[in-house]
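Below is one structure, written out as structure tokens; the observations come after it.
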Amino acid sequence: MKITTKLLALSAAIALSTTTIYAGEKPANPKKQTSLNLYLSAKEVPAFLEKNKGKTVFIDVRTPAEIEFVGHAEGLDKNIPIAYRIYTKFDEKKHRYGTMINQNFLDEVAAEVKAKGLTKDNATLILMCRSGDRSAASTNLLAKNGYKNVYTVTDGFEGNKDKNGKRTVDGWKNAGNPWTYKNKKEIMNFSKPVTAK
């Protein structure tokens, strides 16, 4: 009797483990960790998209300039930047142009989810940026606003830096995933940056 109970419990555990969607390895870098703990590496995304056709929204949260000049993933649904660059300001600490948060981010994501016939309760979102920091921050913002299935691509489009400071370690491009410089109007972001009130 005890053996049968143990076998049933083991069978149930195996069944549950095989029906779990997928939660990749938690990144060591705290900036890439999210409250939802749903992670994918760039290499895993194409198979995940194929397996979950019609239920996913694949969003690149980089700036429109990054999409236009650095390229983007094939199969991307939309570019919805979490922030824009301000080309009239310079951030001395980070040695780059200033940043302005996209005040329309949540509305733009909601519109894209709705356009695919999904809701925040049943949609699975995959967010990607350059190397995983902005997609994690975007995931946390969406989680705070009721989204339950938001994956961050932990190594992003360009990947992490090697010992020489070049982005050759991992990421969408380095994984051999399909990408292009050819922009499609339907994925591009045309919203005007709005400053906080």
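Points to keep in mind about this one:
- Within the range 155-196, the residues that satisfy the criterion of being more than 25 Å from Tyr39 (Cβ to Cβ), in a loop (DSSP other than H, G, I, E, B) and free of Cβ contacts under 8 Å to residues at least 60 places away in the same chain are Asn164, Lys182, Lys184, Phe190, Lys192.
- Among the residues listed as Ile59, Ile67, the single one being under 12 Å from Leu127 (Cα atoms) and either at pLDDT below 95 or not hydroxyl-bearing (Ser, Thr, Tyr) (or both): Ile59
- Flag for Lys166 being modelled with pLDDT under 95 and either more than 17 Å from Asn29 (Cα to Cα) or crowded, with 20+ Cβ neighbours inside 10 Å (or both): yes
The values are calculated or read from the model by the stated rules, or taken from the named source; none is laboratory data. No experiment lies behind these values; they were computed from the predicted model shown. Methodologically, a virtual Cβ is constructed for each residue, glycine included, from the backbone with ideal geometry; neighbour enumeration extends over all protein chains shown.
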